[in-house]
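Notes to accompany the following structure.
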């Protein structure tokens, strides 16, 4: 079949138009200079700095669990209750023993006080007798000189005076000996009271441990899966794990190059279920582990609903802002820091290499290869 001249011309024009229509539209963007607040997107995981394990303190049968996973509790709040008849009996016996020992001490104290009164009275009487005989002895000396009394009577009076002296010394010795014995007897009775008090405190502590309470305020992370009402538990069995919302951290794993660009104090946004929490970097471990570096950030606000340990999260790290930075709108071409090829408007057919750095929410930083005011083809901008 032969084509006429008009038909052939129409075909050429049609193919040309189709080719033109199919050519991608060239989009140019201008390299500008301005302020720049770079960010790094990464993944992280929320963890508790020091989760507390709530354990049973005594053996007993579990009669109730008063909390649920995820529930916030205050210090001293009742968590679970155990039952142990032996501990109840020990408490009653300890209370009775203390009552008996206190009564015994009071009885001993009264008995010793009565003995003390008796010995003190005996000492006073001995002192009075000695004083009377001492005056009489002085009088007898004068009476003997005047021959009013016989020497025999004088000697008998002296013997009574010396006996009174001995009686006084003996009374003092008895009182002192009693005081020493009294101190030991009272201390022995007091030791019985103290021992009973110690045993009662121990019994009270063990009995109180049947009511398991929160050691501090926080949130219940998880209950032990195997717990069942009526189950017999031993001392040290795990009931639940409790964490303090103020101790929550988010750990982030970053490539070594990115980790060198962040610093302690940088702000971090943590996104969980469409909620954003603010945190701050507190530590950076520059040791490379499995090709990444770990950074830790602490939340700057108390935990709210949806924020708890063991959650995988998306984070964005905000680095220190810069000024007078070459930058280019990142659009869809940006794939992270690295080398890219692009053509300028003045020479659209020639591809040049440029170095691109970090990005913020709108712009990517141009490290080299372009100047302020350059118009570049976003259509040809590709990562190398």
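The values are calculated or read from the model by the stated rules, or taken from the named source; none is laboratory data. Keep in mind that what you see is a predicted model, and the values were worked out from it rather than measured. A quick note on method: Cβ atoms are made from the backbone with ideal geometry, for glycine too, and the neighbour counts reach across all protein chains shown.
So which of 248, 240, 254 ends up being in contact with a strand residue (DSSP E or B) (Cβ under 9 Å, 6 or more places away or on another chain), crowded, with 20+ Cβ neighbours inside 10 Å and under 18 Å from residue 59 (Cα atoms)?
Result: 240 is the single residue among 248, 240, 254 that is in contact with a strand residue (DSSP E or B) (Cβ under 9 Å, 6 or more places away or on another chain), crowded, with 20+ Cβ neighbours inside 10 Å and under 18 Å from residue 59 (Cα atoms).
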Go through the residues of the range 88-100 one by one and say whether even a single one is closer than 23 Å to residue 231 by Cβ, assigned to a loop (DSSP other than H, G, I, E, B) and at pLDDT 95 or above. no
Can you name every residue in the range 320-355 that is under 16 Å from residue 371 (Cα atoms) and either without any contact (Cβ under 8 Å) to a residue 24 or more places away in the chain or not assigned by TED's automatic domain parsing to the domain that holds residue 262 (or both)? 347, 352, 354, 355
If we scan the range 305-316, do we find a residue that is surrounded by 15 or more Cβ atoms within 10 Å (Cβ to Cβ), in contact with a strand residue (DSSP E or B) (Cβ under 6 Å, 6 or more places away or on another chain) and under 30 Å from residue 377 (Cα atoms)? yes
Just checking, which of 298, 286 is modelled with pLDDT under 90, under 13 Å from residue 44 (Cα atoms) and in a strand (DSSP E or B)? 298
Pick from the range 358-369 the residues that are crowded, with 19+ Cβ neighbours inside 10 Å and in contact (Cβ under 8 Å) with a residue 60 or more places away in the chain: which of them is farthest from residue 316 (Cα to Cα)? 366
One residue from 37, 47 being closer than 30 Å to residue 373 by Cα and surrounded by 14 or more Cβ atoms within 10 Å (Cβ to Cβ): 37
Selection over the range 358-376 where residues are modelled with pLDDT under 90, over 15 Å from residue 32 (Cβ atoms) and touching a strand residue (DSSP E or B) at 6+ places or on another chain (Cβ under 6 Å) yields a count of 1
When you scan the range 140-153, do you find a residue that is under 60 Å from the mean Cα position of the chain (by Cα), loosely packed, with under 13 Cβ neighbours inside 10 Å and assigned to a helix (DSSP H, G or I), even just one? no
